[in-house]
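Below is one structure, written out as structure tokens; comments come after it.
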């Protein structure tokens, strides 16, 4: 790898941090707006559910997301503040469906210390001002003027330093905030301040309440007419207003989120740590509050945000599990729950660990993540490409073609599956027991290979064989009419749609037939210069039954030609170049754009834009999908048409944002495919593989596929063992015993196919699993799982004891072979030169695997290295050890075999608080740190002075905006040897927000080229809210902010492909590169993930 | 720590909170370092210590024998018994040096922008600017008296000024760019012991003199714009509300009927400090005074009575501004520590436990970055006090003679102290591994002792 890195997101953030509901896109429309840390999504509420309207990146981590309506405006505006002290006010532009920036600014201050408890942003309900609590002891006010414009901000000193929450009260003459804070004796209080805008100061407000519940954490302001505020604690809920004070005890729980149900503020939904949803009701007589009531509703994901939409439908945004759309029922179900989950939205966050495996052994990596927390913990299998879930299969050799047929035109389901072989045609049909059995269609010729068959109009079927075209009634199944090939000629290739047949015989004869009621009519016949290799008349125009164009691929001159129908006049001819003949052509329309797809015998696919009226071909693009000839076939899934390209690397071609995308299918070689939608196998595909015919359903057509294995407990570390075909995880389960909540920690073994627990090793009380690897030792052929643990005693600040456990998998069970006590937490384990390298608190320790006299094995300390604060993350390569320290960045150690010692070679002297490290190559190391930055350092082994050699030079810096927990070498995509992307080494990372990203090391010339492209794109693509890309990507920590270098923002670069044609042209011309080449180079990059 | 690491990776603990928890946890465990030593080359009292601001790697010390030295505190020169890291000086400049100071060095600071330059001030009346790489003097400024203190602004973008205080009443600003004095700031009535630039504005300088005054200067304007007055105090952390507003509250309280809540809020103004008596006296006073300093910013017409205000009885010996730019701590020869609100200039009346401070020399205070702890050299010890409650949380005993200076290295959470006993001590969170090894050694020793007994 290299120092020139390209960072791109494969899986966007999924952790929902904020949500709000309002009339954003129009005064009549109700919208749900969701923030996923660095993205916002705007949804429209429709009777059928949520309809996505916009999903855009924000150049910042969103700290505040609020909807508000300035006076005189018919609809809401969106206020966003980012963690790096930028804010913007956005408005919806209905014409272009884009966001317009109404206002933006910077609210950073020289003085003040950033708050520990998180930034708070809030808007006065009467829209008089925006309040921000960003620094301890300061409250920033951005006032609105009468016209709803923002005026200059100012600070007010806030006495309370440990602020937990701030809200505006409703119905106050002057804007009034209520502050929940903790004093220096750890007692919690709430008080109110009126904001005197003229004096720019606080005035003591109407309410104050001291010595609240110790766990009081959330304030809920109550709208008028009731007014006042609810304070949610861990054991009590308190309502207080000027005139009333009510409190009720609750079952101890930590409330994480609330959502208001009614506009009058009498009912609230509360979501707690355990995912339980409660309804809090303020009982009142007119405007007099009489009490509080709380009612248990049921269980959801652990909510981070709750938005009540409408009609008892609620959106639950989650950071630890899947987000949900739920309905609150009036009556409980059998389990006593009032909650019905309508929809689930996948959330991978927090990804605390993951491993890259190739379970199907196809050369394509899959990522298995430890996702979620608490009860929502799960494993997620993330795979690029589309999965076929096999439902049934039969052994059948030598399949030459596959077609499905319905028994009548109106039948919703397919009845027959026609399978063609070299000298015969067999018909399979579904029987009463939903089994496929051999059947017969009397009118078909069973003794010849079928070249094509098709349902036709008037309840007819068409079969094309080498000698004839047969028209058969689908009801009586008798032959109605037959067209015979001229004697001496046989049909080589044929195609048909419901009303037309086009076939080619030897000698370049092209024959066009039309299907009538019980009759086939030869309409036109032409002879072409060369032999015909492939044909298509798939209707892509307005009439779904009739095509006005025919596509023909030719031998000899290697061309594809477009003919008009029925006249068979040549409209266009495109020479393909090269010597590889076209093997399949297809006319198709995606999202209203017509294409001609053409595949070559060597696995390449060409696509052209097709002009339906003139037949002209333009915008040629070429991609490589495999190495073998490709057969194209359309199918539809969820009412959208896709193309299946059957070959040695089967691929699904689909369109998104009017852009063709290619997704791998998780199958090995596929020779033929046809859609087969039967009652027993709805929406399925029939697939001919080598020696096998199988029927399976297909995943949703999208790029990344995520399979969820719910665990019900929090998995923290994972690794895979090839030899035993198992995964091992360290996990913890929260248990509620009487009053106390305890944690139980396990090492669990899972089957790598079924993902079932097959063995469990419980750890001791207070013992936590910290690290796990699969390794083998020198002089020992077994593969072992090594687990590092820590005893976390309540009275100890830092663990002083831990263990290393060595397991072997025998008969599907974890067998403890050896254990070794350590003097601290084993933060990391690595296989190292046939030994085991452990990071134990401050120390790096190497263990040998020794054979004792009695034949048993033990770990024996060999040598160590200290000098770290906490050695949290360790990676090794050869004899080199790279350590990521708690707060002292990266250091490089070397193991010296002769001396049996570990020595420090070099170190980065910056004070980076690490969160992950990885070795890119011999000299360059990648680190992720506490302030969401990535950086690379380089070893300077050739430097002149000791001082320089001892220093790791920082060569790259970049603000990712994501907290990276783990790097792993590997790739999510199949590496094709002939594509350029195949040679680019990549590292995958996983983050708290559920992002899976890729860091790719580019060759220098490519880096330079893309850097130029990025610079051009920054000028054209403006950040939402006017936020600056350059500032967003600049490396930023407590000490410094410097421009990003030696890292490229792949997300920005790949958004080039979403630009309009004119803007693409603009960029291509300023780059002085042909547009086609530019597109090709960017498309290459998109295939890295 | 493991729990924090775990909560951080699951997103339950925001990274910034994680860092501050780890830091405060480490700070609370500070003790005489069991794994790190600085080998002092000085033959006189160590008067000044500072770690460079850019890399956090090089410690600069200045001593009474006229010598200054630089140490690499990240990379040890050698290890004692293979374990205790010893940091020897990278170089020393002393009286033998061609341009060395002739008398005691009272102050030594790094050029804030990089480690290429450092500045020393001495009783020989000179402020000298050194090139670190060649250890040559590149510039010197002759002051009118013994130099007590120097300061450079860490946030300055528009100037490269060394503020220098000496036995003379005038503060001088020495410009590295031109090699000349650009300003003389007159106002103090006696020598200037200690200087501190504002951490929020590059133009604001704060100076403390032997006349007991702390003066604020805006170097773009003539004269000083504020003199801190120990009698102008603030109860709690922010200025009290205007008189009329507190009346309002009372009025509303009586209206509301349920008086308990609101009443409390008035009297419950945060008062961790001071006794009841003082409080009630002071309650009215500051309300009148609140706006006055603002009006008087206009200077030079500062009323003469105000101009004579003092921050301490006796000399001001030390100043330290908090990192967030909101507070200033001062120490005086009256053995008092005072906490000031920089914006309002009010004495916050934090009541620090009684301590005795050196009176004759300027002392260097240190604050930890979240402004929760102040490290004060108290005779032969260093005390760590809670900034707000004034409680002494820890006393560091290790020096044999008076401690002159301390420096808190926030990057590594280590404290360095320099004393008249010529030593520089390192106070750090303990390293567990050393303890382990010691334990092992002890066991071994015991074992061998047993053996000896047995053989006898």
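All of the numbers you see were taken from the coordinates with simple rules; none came from a lab. Since we're looking at a predicted model, the values are computed, not measured. Positions of Cβ are backbone-derived with ideal geometry, glycine not excepted, and every protein chain shown enters the neighbour counts.
Over all directions, the projected convex hull of the C-alpha atoms in segment A:601-658 averages 4.8 nm² in area.
As a rough footprinting exposure proxy, the listed residues A:907, A:361 were ranked by other beta carbons within 10 Å of their own, and the order from fewest upward is A:361, A:907.
Shown here: chain A, whose C-alpha atoms stretch 103, 84, 64 Å along the first, second and third principal axes, sorted largest to smallest. Per the Kirkwood formula applied to alpha carbons, segment A:573-727 shows a radius of gyration over Rh ratio, Rg over Rh, of 1.06. Descending by average beta-carbon neighbour count within 10 Å, the peptides A:90-103, A:682-695, A:12-25, A:924-937 line up as A:924-937, A:12-25, A:682-695, A:90-103, the highest first. With the simple model of a label 7 Å out from the Cα in the direction of the Cβ, residue A:224 to residue A:46 spans 3.8 nm.
Reported to the nearest whole Å, the Cα centre-to-centre distance from segment A:877-943 to segment A:141-204 is 46. A crude spin-label estimate for the pair residue A:154 and residue A:392, with each label 7 Å from Cα along the Cβ direction, gives 7.9 nm.
The spacing between segment A:552-602 and segment A:60-114, judged by their C-alpha centroids, is 51 Å.
Using 14 Å as the cut-off for backbone N distance, which residues of segment A:143-157 belong to the label zone defined by a point 7 Å from the Cα of residue A:200 along Cα→Cβ? Zone members listed by number: A:143, A:151-157.
Can you give the FRET efficiency for residue B:102 and residue A:1042, using 1/(1 + (r/R0)^6), R0 = 51 Å, r = Cβ-Cβ distance, to the nearest 0.05? With a Förster radius of 51 Å, E is 0.75.
Relative to the dominant Cα principal axis of chain A, helix A:1004-1020 is inclined by about 80°. For the peptides A:520-527, A:595-602, the ranking by packing is A:595-602, A:520-527, with the highest mean count of neighbouring Cβ atoms within 10 Å listed first. Descending by average beta-carbon neighbour count within 10 Å, the peptides B:403-409, A:698-704, A:633-639, A:581-587 line up as B:403-409, A:581-587, A:698-704, A:633-639, the highest first.
Applying 1/(1 + (r/R0)^6) with r as the Cβ-Cβ distance of residue A:439 and residue A:641 and R0 = 30 angstrom yields a FRET efficiency of 0.55. For segment A:151-303, pairs of C-alpha atoms spaced more than 29 angstrom apart make up 18 percent of the total.
Our note on the geometry: Cα centres of segment A:388-417 and segment A:609-686, 17 Å apart. Other protein chain C-beta atoms within 10 Å of residue C-beta, averaged over A:192-203: 2. Look at the stretch A:911-919: the mean tally of other chain Cβ atoms within 10 Å of its residues' Cβ atoms is 2. Across all Cα atoms of segment A:464-567, the radius of gyration (one decimal) and Dmax (whole number) stand at 13.6, 45 Å. Based on Cα contacts under 8 Å between residues 6+ apart, segment A:838-973 shows a relative contact order of 16 percent. Note on residue A:779 and residue A:573: their simple-model spin labels are 7.7 nm apart, each label 7 Å out from Cα toward Cβ. Ordering A:621, A:835 from the fewest to the most neighbouring beta carbons within 10 Å gives A:621, A:835. Measuring r between the beta carbons of residue A:795 and residue A:609 and using R0 = 60 Å, the FRET efficiency lands at 0.25.
Once the chain from residue A:658 to residue A:593 is taken as fully extended at 0.36 nm per residue, the excess over their C-alpha distance is 22.7 nm. For chain A, the longest principal axis of the Cα atoms and the long axis of helix A:1075-1086 meet at an angle of about 60 degrees. Where in segment A:901-918 does the label zone of residue B:79 land, with the point 7 angstrom along Cα→C-beta and an amide N cut-off under 20 Å? Residues A:901-909 fall inside that zone. Using the alpha-carbon atoms, what tilt in degrees (0 to 90, nearest 10) does helix A:1061-1071 show relative to the longest principal axis of chain A? The helix A:1061-1071 is inclined about 70 degrees to chain A. Length, then width, then depth: along the principal axes, the Cα atoms of segment A:193-247 run 40, 26, 15 Å. In segment A:72-113, which residues have a backbone nitrogen under 15 Å from the label point lying 7 Å from residue A:29's Cα in the Cα-to-Cβ direction? Of the residues in segment A:72-113, A:75-78, A:91-100 have backbone N under 15 Å from the label point off residue A:29.
Per-residue Cβ neighbour counts within 10 Å put B:204, A:653 in the sequence B:204, A:653, beginning with the fewest. Counting only other chain Cβ atoms within 10 Å of each residue's Cβ, the peptide A:315-322 averages 1.
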